[in-house]
Amino acid sequence: MNWAAHIAFSIVLFLAACAFYPQFLSQPTPILLCVAASTLPDIDHKNSKISKISFFISLVFLCACSLGFIFQTSSPLSEKLILIPPAFAFLAAALYLLCKLLRPRHRGITHTVLFLILLSAPTFFLFGANAAAGFSIGYFSHLLSDFTLKMA
């Protein structure tokens with residue numbers, strides 16, 4: 001299945017869930033997380049849409065983490081600015097090792113219910129129950145559609 005079909009199927013499941021839980025429609029976070037999560041399991045496939053954009057998303061995240069880490073110290077600004085390149089280099093090296101050396105096989109760990117649970121729990125604590133439900137619906141829709149097509 002391609003990324004657009006995964007998104008379409010996740011929206012269908014999300015709207016079906018809204019029939020039972022209309023509070024999902026009270027804010028945009030659940031549907032946005034549902035759509036994002038519907039493509040997330042394919043991050044282990046190097047030719048997938050999410051895998052191609054994940055590197056750029058990771059770079060933005062690394063920049064934010066580097067700046068956040070550096071500016072938490074009580075050092076003068078000139079010393080903080082000197083620490084930004086090494087902090088970014090360290091985090092970029094960690095990202096490279098994770099992506100290149102530890103990349104799981106396609107339809108491996110990212111296509112399991114265990115991984116769904118591991119990602120849904122932090123979503124629940126960071127964004128709340130409705131957002132975690134939207135994320136879980138999107139991720140599960142991907143697993144369900146891949147499993148159904150694999151069986152056919």
Quick one: would you say PHE71 is over 17 Å from PHE135 (Cβ atoms), more than 21 Å from the chain's Cα centre (by Cα), surrounded by 12 or more Cβ atoms within 10 Å (Cβ to Cβ) and modelled with pLDDT under 70? yes
Those residues of the stretch 102-137 that are at pLDDT below 90, under 25 Å from ASN47 (Cβ atoms), touching a Ser or Thr at 6+ places or on another chain (Cβ under 8 Å) and among the hydrophobic types (A, V, I, L, M, F, W, C) come to a total of 0
I'm checking my understanding of the structure. Among residues of the stretch 3-47 that are without any contact (Cβ under 8 Å) to a residue 12 or more places away in the chain and in a loop (DSSP other than H, G, I, E, B), which one is nearest to LEU119 (Cα to Cα)? PRO28
Go through the stretch 11-30 and report how many residues are over 14 Å from the mean Cα position of the chain (by Cα) and at pLDDT 90 or above. 13
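The values are calculated or read from the model by the stated rules, or taken from the named source; none is laboratory data. No experiment lies behind these values; they were computed from the predicted model shown. All Cβ positions, even for glycine, are placed from backbone atoms using ideal geometry, and neighbour counts span all protein chains on display.
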